[in-house]
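*Asks:* Questions regarding the structure given below will be posed in turn.
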Amino acid sequence: MSASTEGNARAAGYTPHPYVGGRTAALRALAAWRMRWPGAPRVIVLTGNPGSGRSRLLTGFLMMCDPEYRKQLPMDDLDPATVPPDLPAPAVPSAAGRTAAQVLWLLADHFELAAGRTEDVFAELAAREEPVTIVVPDVDQAGPVRAAEEATRVVREVLTPLAATETVQLLADVPRELATELAGALPASQVQVIDLDAPEWADPKGLVLHAETALDAGSGAPELPYTTDPAARRALAEALAARAAGSRLTVQLAVQSLLMQPEGFDPADASQLPTSVGEALDLHARRLGADPQTLRLMLAPLAFAEGDGLPVQLLGTLANAVAGRDMSQDLADGMLLAAPFIQPVEPSSEDGEDGTGEDAEAGAGDGRTLLRLMHPALAEEIRSGLPDVRDTQTRIAMALLEEVPQQDWAQADPYIRDHLAAHTLEAGLLPQLLTDPGLFAHADPVTLRAAIEAVPLEQLGAPARTYLRTAPLLTRSQASATLRAAFLESAFVEDGLAPYAEALHTRGFRLPWRTLWSVPLAGVRAVTTGSVAAAGEDGTTVSRSVAALLVPEGTPGSRTLPDAADGAVAPQDGTAAGEDAGAVDGDGAAAAGGRTALLLHDLRAPEYVDADPSQVVQPSEEDRAAAPLGFSRGADYLRVWARADRRMVAALVSDSPVTDADLSPDGVLVVATERGVTARQILVAAPPAAPSVPAQRTGTTDADASHGLEGDHS
């Protein structure tokens with residue numbers, strides 16, 4: 001198949017695909033792949049220059065792969081060789097804005113796999129009797145942070161293993177610099193590279209049709225001589241296509257420019273037709289009597305925008321920062337100048353979090369407008385024309401930081417909260433930013449985590465390393481800002497960073513607990529709270545509240561117990577009828593691991609207690625029943641609730657399995673996990689919203705990788 005099939009298809013009288021408008025050769029190759037035609041490759045790598053129309057081609061092909069959408073297309077009029085068979089729609093995990101792990105877990109959820117680790121996903125797909133069809137678009141747009149180069153990770157960690165799985169029929173839209181790497185990992189007989197800029201796949205007639213359709217007054221273009229007269233329209237379309245060197249984006253920008261501002265355009269003057277994306281910008285500015293550099297400076301903030309787009313209220317601030325001068329008049333006079341290259345975006349609901357963490361939808365639908373450039377290639381063109389991208393990012397980052405009122409992240413614009421880290425990453429300043437625990441709590445954890453992971457670990461300070469360790473928990477639990485602060489508060493205490501934990505109590509959060517102490521003590525089999533007589537500082541005997549930890553014999557500081565005494569430290573049931581706190585009694589622990597010992601830790605202070613463990617007095621059943629709080633737990637989460645009205649006052653999700661827990665009558669929650677033991681004073685006055693606790697996968701989903709949303713598969 002080659003470009004010559006385009007002419008053959010038209011000669012046969014077939015209607016062009018109504019969305020693609022050509023690309024017959026490529027569509028025939030994709031249809032053969034979909035029907036598993038003899039000799040067709042199992043894997044297709046679709047690539048091309050930015051603006052070559054890869055996304056449009058893939059979208060048009062997927063329209064024909066969707067049983068419902070096929071009903072809206074003139075299927076009987078299309079070239080039969082371009083029409084895929086009527087089969088169930090393939091899995092289409094878009095990589096746009098997602099990490100490699102997110103893409104993989106989208107697939108795991110789509111195919112309802114029981115995998116708990118990334119490698120298990122590929123193993124389960126390989127074990128399937130029937131092949132599965134997967135289409136991965138927009139790999140060039142992968143990742144929540146531009147500078148993190150997530151596209152490379154998607155290719156290496158997701159697409160390459162998928163391509164090597166014999167039961168997977170894969171089609172992936174990949175940037176040219178990664179296409180060779182992906183194709184080179186397979187035998188030549190199994191893979192085909194479709195480069196839309198290569199002569200055998202080029203579609204010059206389709207490009208003319210694309211321009212002609214865009215110029216047609218019947219399709220919405222204003223009535224002009226070259227939009228209403230078919231001959232004039234065709235002539236201009238051919239001239240545009242001839243100058244654009246196969247770039248559909250160049251044609252699109254040129255048409256939008258002349259239709260939005262037709263004054264001063266002479267269709268007979270070929271010098272007014274662009275040969276590249278950059279020339280489309282500059283010709284537009286000159287035709288309207290403006291300085292091309294001014295237009296580029298106006299658009300520069302959008303060329304650096306992260307996420308869905310830049311809030312319109314920040315455009316002026318960042319334009320001033322990039323230009324190094326006041327751009328307010330240029331922006332006021334030039335929005336029509338910039339209009340062909342900009343599109344408004346509806347903010348997603350995530351952008352509406354109000355900063356308190358109590359209501360993620362509080363700001364959604366408030367009329368906030370985002371702006372972005374028409375195409376990523378336009379952003380690359382503008383960025384490439386700047387003398388120093390890193391210096392520009394530094395000025396943008398400083399300008400954004402100055403927009404945070406009193407450095408209070410709760411009052412910051414959601415864009416600044418969530419994307420400042422991405423700007424400082426490319427500026428080389430991210431490690432210096434990662435010292436404010438308030439930012440850790442307020443920033444979107446997926447975006448912040450991706451930015452931090454792009455920095456070499458040795459360049460990160462202790463607080464950033466704590467955040468990185470905790471990030472999988474923050475994403476898996478889908479916690480609000482308040483609960484993120486609570487989880488981080490405990491993590492800082494666990495890592496010996498008490499000042500950072502204390503700072504979170506001064507940032508306006510209504511935290512559900514205060515972490516009192518944490519010890520990295522592995523092997524704790526049971527915990528209980530109680531009191532014991534111990535020597536005071538003045539030598540007198542005092543009663544001290546303690547946490548009694550059942551540990552393996554030989555643990556430093558512990559005292560071995562007779563087997564018969566093990567059961568004496570079994571926690572009492574602190575839950576209401578029908579609730580299971582998961583208490584592990586001493587006998588069970590002893591049976592599981594041999595002789596045990598008891599280690600006493602002060603309940604409220606970070607110190608051990610030297611006292612006779614046989615003298616520990618546990619709360620009576622009456623004391624526990626009269627306590628205001630009760631708790632229940634699962635494999636890696638706990639809920640604390642008020643007995644009076646069953647209202648939940650705290651929800652804790654752990655990043656390692658919980659081995660035991662106990663709640664003292666006065667509200668100190670002691671939790672033992674595989675990592676260690678932590679005590680938290682529950683603050684009943686201000687209950688937070690609970691995080692979602694997703695169905696738990698087996699294995700170590702969050703522990704076996706350091707990126708993506710291992711547990712949050714949304």
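*Asks:* Restricting to the stretch 383-439, and then to whatever is open to solvent by less than 20 Å² (accessible area, probe 1.4 Å) and in a loop (DSSP other than H, G, I, E, B), can you tell me which residue is nearest to residue 145 (Cα to Cα)?
*Replies:* Only one residue tops the list, namely 434.
*Asks:* Any idea which residue in the stretch 655-673 is modelled with the lowest pLDDT, counting only those that are of a type in the set (Gly, Ala, Ser) and surrounded by fewer than 22 Cβ atoms within 10 Å (Cβ to Cβ)?
*Replies:* Here the answer is 656.
*Asks:* Looking at (1) touching a Gly at 6+ places or on another chain (Cβ under 9 Å); (2) of a type outside the set (Asp, Glu); (3) part of a loop (DSSP other than H, G, I, E, B), which one does residue 105 not meet, given that it meets all the others?
*Replies:* So residue 105 meets the others, but not (3).
*Asks:* Further question on the same structure: Just give me the residues in the stretch 247-271 being under 15 Å from residue 51 (Cα atoms), open to solvent by less than 30 Å² (accessible area, probe 1.4 Å) and part of a helix (DSSP H, G or I), in sequence order.
*Replies:* 248, 249, 250, 251, 253, 254, 255, listed by residue number.
*Asks:* Right, here's the next one. Cβ contacts < 6 Å: first residue in contact (Cβ under 8 Å) with a residue 12 or more places away in the chain, restricted to the stretch 103-129; second residue assigned to a loop (DSSP other than H, G, I, E, B) and of a type in the set (Ser, Thr, Tyr), any location; separation 6+ or different chain. Result?
*Replies:* 116/698; 116/701; 122/165; 125/165; 125/167; 126/165; 126/167; 128/167
*Asks:* State which residue is most open to solvent (accessible area, probe 1.4 Å) when the search covers only the stretch 65-82 and only residues that are touching a residue at least 40 places away in the same chain (Cβ under 8 Å) and either among the hydroxyl-bearing types (Ser, Thr, Tyr) or touching a helix residue (DSSP H, G or I) at 6+ places or on another chain (Cβ under 6 Å) (or both).
*Replies:* Across the stretch 65-82, the extreme among qualifying residues is 81.
*Asks:* If you don't mind, there's one more thing I want to ask. Pick out the one residue from 455, 446 that is among the hydrophobic types (A, V, I, L, M, F, W, C), open to solvent by 10 Å² or more (accessible area, probe 1.4 Å), outside any helix (DSSP H, G or I) and in contact (Cβ under 8 Å) with a residue 24 or more places away in the chain.
*Replies:* Sole residue among the options that is among the hydrophobic types (A, V, I, L, M, F, W, C), open to solvent by 10 Å² or more (accessible area, probe 1.4 Å), outside any helix (DSSP H, G or I) and in contact (Cβ under 8 Å) with a residue 24 or more places away in the chain: 455.
*Asks:* Here is a further query. Out of the stretch 57-82, which residues are farther than 19 Å from residue 172 by Cα and either modelled with pLDDT of 95 or more or part of a helix (DSSP H, G or I) (or both)?
*Replies:* Correct list: 67, 68, 69, 70, 75, 76, 77, 80, 81.
*Asks:* Residues that are under 30 Å from residue 258 (Cα atoms), touching an Asp or Glu at 6+ places or on another chain (Cβ under 8 Å) and open to solvent by less than 60 Å² (accessible area, probe 1.4 Å), at least 1 per element: which helices (runs of 4 or more DSSP H) completely within the stretch 144-243 meet that?
*Replies:* Because the criterion is at least 1 residues that are under 30 Å from residue 258 (Cα atoms), touching an Asp or Glu at 6+ places or on another chain (Cβ under 8 Å) and open to solvent by less than 60 Å² (accessible area, probe 1.4 Å), the helices (runs of 4 or more DSSP H) in the stretch 144-243 that meet it are 204-215, 225-228, 230-243.
*Asks:* So in the stretch 277-289, with the set limited to residues that are under 39 Å from the mean Cα position of the chain (by Cα) and in contact (Cβ under 8 Å) with a residue 40 or more places away in the chain, which one is surrounded by the fewest Cβ atoms within 10 Å (Cβ to Cβ)?
*Replies:* 278
*Asks:* Does residue 500 count as more than 16 Å from residue 653 (Cα to Cα) and among the hydroxyl-bearing types (Ser, Thr, Tyr)?
*Replies:* For residue 500, the condition - more than 16 Å from residue 653 (Cα to Cα) and among the hydroxyl-bearing types (Ser, Thr, Tyr) - is met.
The values are calculated or read from the model by the stated rules, or taken from the named source; none is laboratory data. Please read these numbers as outputs of a predicted model, since none were measured by experiment. All Cβ positions, glycine included, derive from the backbone under ideal geometry; neighbour counts span all protein chains shown. The accessibility values were calculated without ligands, DNA or RNA, using every heavy atom of the protein model including side chains. Shrake-Rupley method; radii C 1.70, N 1.55, O 1.52, S 1.80 Å.
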